[in-house]
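For reference, the structure discussed in these notes is given below.
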Amino acid sequence: MLEPAAYSSLGELLADALVQWKTETALLELDRARENARLRYSDVGRAVAPVARWLESVGVGPGDRVALMMSNQARWPIAALAVFLRGGVLVPLDYKLTGEEQAALLEHSGSRVLVTEAPLLRRMKTRPRVALLVSDATEAEAVGCTRFEDLVLEGEAPACVPRRRDDPACIVYSSGTGGRPKGCVLPHRAYLEQLGALLRLFPMRPGHRTFSVLPTNHAIDFMVGFVGPFACGATVVHQRTLRPEFLVSTMRDHAITHMALVPLLLAAFERALDERLDARPAWQRTALDLLGRANLELTRQRPSPDLSRRLLRPVHDAFGGKLEVLFCGGAFVDRARAERFYALGIPVAIGYGLTECCTVATVNDLRPFRADSVGRSVEGVEVSIHAPGPDGIGEVWIRGATLMLGYLDDPEQTARAITPDGWLRTGDLGWLDATQHLHLVGRSKNMIVTAGGKNIYPEDVEAAFDGVACEEFVVFASSYLWPRDVALTSEALVAVVRPRAGQSEAEVGRALSERNLRLPEHKRIEAWLPWAQTFPRTASLKVKRDPLAEQIRQGAGARSLLPLTAAPTAVFARSR
């Protein structure tokens, strides 16, 4: 691999990768079973050159911000490489957001350029006033834009613009699509330090194939599905469709070795596995179960891929027969599910981190495998428990070279997040055991992390319920109201409602459900709590969330929640 410590910037490292691994396959783009593109590292270098020249022509230089909003495809890393070669600051935006949300973040970022694809540009109500490089645009749509397809291929790439390790590399948004944006300014140092630490734990090499299924703007996939493989000469595989059956068939047909997931996808893989096993005779299922137990005993101290494949070949063949590790983070990972995959010879490396600290702060190194924790701190990162109680539980604080420089143009939020001596207040509650493994038990901040790895802040959801019939209304994360009682696998958004006089619970429930259905599924409220007391408010009539939350903790538990749907929700079912 290329040694990250030897470089001052991601641009320098990635430029060297294009030369070092020039004959290796860098990118494989698929559309269902069809192969769209297969590019060697030398081919990627030739594809980057015209994009970098175009960026130079529109004035992008050191420190200029370039937004990149695309689904996973070969042009994503090609465009990102071009930005880094120009010394620019990459602003990766989530292509799954609404057009209004994307436009708001684009404006907040101060980007001079947007690199995107035509279907995403169509979703924006008004065309952004920035230089536009667009793929798959019709001639009519291309008016005022530059099309990827029209870039001049001939010519050399501009020389890599040098940057320092403490210069900004990316601005990554951790939240704020409907409220106050949080753009984490991450320096080159953070990525280089994180990359070196992770590759020492989980080395990659030419011939490895990593399947990029999470959006590459996601911190985990940016590292595991782009920067890490490129530093090691491995191949990144993109699949243009995310239908589950094609994800599994891609893993099987292209011998995937590495993959980053969120718990939602890990659960989908378990369902696919169960479907295959259920189709087998009972004696075969029993035999596989016994072999899984044997494999667990034989590999308890460290994984042994070759041994596991010999013992459990039918399982491994279903996923391509070459899978070495699944990286799983972004949300709380179910312990039983991770243990089941490990018993089948598919290690799940559980990590924990925040956008504010690059990718991960802790990770399980699999020596030995443990699913009861989120691992130990990675090299270069300190983890501390602030103000622990008698049970050792306190707020998780993080410090180290991978931390952000701050929130973009927001010193107030930055000061709240990072202490004067450099500790990041995570808002998560946990404890450290004798081996310094971190265990998470809840949250001290009013947000949830969905199984898909999305941060959802209740304040961003409340606007959708403006005008609903009630006296007072506020949204909380269930794990914030009852941090010791609601499991992180069951956390959800809940509404606290003070009904009008004479208003029935059925009336309130119907009104909330009607509004709720208009929201994307991952932003929906799952239950509500009737509250008779007047909400505490500031002089400017804003709800005092912390005092209200404390009143609720003292006066009600999760068992008092009422469901919004006919089927019990996760948090409601658990409370019963």
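Give a quick list of chymotrypsin sites (Phe, Trp or Tyr not before Pro) in region 400-449 that DSSP marks as loop, anything other than H, G, I, E or B, with at most 16 other Cβ atoms within 10 Å. Here no loop site has a sparse enough neighbourhood. The Rg/Rh ratio of the chain, with both radii computed over alpha carbons and Rh defined as the Kirkwood radius, is 0.97. Taking other residues whose beta carbon is less than 10 angstrom from the beta carbon of SER384, and scoring Lys, Arg as +1 and Asp, Glu as -1, yields -1. Spin-label model, GLU141/ARG165: points 7 Å from Cα along the beta carbon direction are separated by 4.3 nm.
Compactness ratio for region 411-551: Cα radius of gyration over 2.2 N^0.38 Å (N = residue count) comes to 1.17.
At q = 0.17 Å⁻¹, what is the base-10 log of I(q)/I(0) for region 1-147 according to the Debye formula with one equal point scatterer per Cα and no solvent? Please give it to two decimals. Results for region 1-147 at q = 0.17 Å⁻¹ read -1.01.
Whole-percent P(r), region 262-443, all Cα pairs, 5 Å bins from 0: 1, 8, 15, 17, 16, 12, 10, 8, 6, 4, 2, 1, 0. Between the beta carbons of ARG293 and ASP372, assuming R0 = 25 Å, the FRET efficiency works out to 0.85 to the nearest 0.05.
Would you tally the net charge around ALA118, using a Cβ to Cβ cut-off of less than 14 Å, leaving ALA118 out, and scoring K and R as +1, D and E as -1? Taking every other residue near ALA118 into account, the sum is -1. Note on region 341-493: Cα-Cα pairs beyond 18 Å make up 64% of the total pair count.
Derived scalar couplings between HN and Hα for region 394-409 equal x, 7, 7, 10, 10, 9, x, 6, 8, 6, 5, 6, x, 7, 4, 6 Hz in order, rounded to whole Hz, by the Karplus curve 6.51 cos²θ - 1.76 cosθ + 1.60 (θ = phi - 60°), x for Gly and Pro. Helices assigned as whole DSSP H runs in the chain whose Cα atoms extend at least 18 Å along their own long axis and whose mean Kyte-Doolittle hydropathy is -1.0 or higher are found at 41-57, 188-201, 263-278, 282-298.
Note on region 460-522: percent of Cα-Cα distances in each 10 Å bin, starting at 0 and stopping at the bin with the largest distance, equals 19, 48, 30, 3.
With 19 Å as the limit on Cα-Cα distance, the pairs of LYS182/LYS454; LYS523/LYS544; LYS125/LYS454; LYS322/LYS454 that go past it are LYS523/LYS544; LYS125/LYS454; LYS322/LYS454.
Region 213-354 gives an Rg/Rh value of 0.95, both radii derived from C-alpha positions and Rh following Kirkwood. A simple spin-label model places pseudo-atoms 7 Å from Cα toward Cβ; at GLU56 and ASP274 they are separated by 5.6 nm. Secondary structure note: in region 318-442, about 85% of the DSSP beta bridges are antiparallel. Stretching the chain fully between ARG335 and ALA33 yields a gain of 105.4 nm (0.36 nm per residue, less the alpha carbon separation). Report note on the peptides 504-517, 147-160, 54-67: ranked by the mean count of other C-beta atoms within 10 Å, highest first, their order is 54-67, 504-517, 147-160. Put the Cα centre of region 236-275 next to the Cα centre of region 422-500 and the gap is 29 Å. At a Förster radius of 45 Å, what calculated FRET efficiency corresponds to the Cβ-Cβ distance of ARG129 and GLU471, to the nearest 0.05? E between ARG129 and GLU471, to the nearest 0.05, is 0.60. According to the Cα-based calculation, Rg over Rh for region 232-284 is 1.04, with Rh computed by the Kirkwood formula. For region 4-258, the Kirkwood estimate of hydrodynamic radius, built from reciprocal distances between every pair of different alpha carbons, is 18.3 Å.
Other residues whose C-beta falls under 15 angstrom from the C-beta of THR138 contribute a net charge of -3, scoring Lys and Arg +1 and Asp and Glu -1. Rounded to the nearest 0.05, the FRET efficiency derived from the C-beta distance between THR534 and ARG484 at R0 = 22 Å is 0.25.
The numbers here are math on the coordinates, done by the rules we state, and not lab data. Note that the structure is a prediction, hence the values are computed from the model and not measured. So basically every Cβ, Gly included, is an ideal-geometry build from the backbone, and we count neighbours across all protein chains shown.
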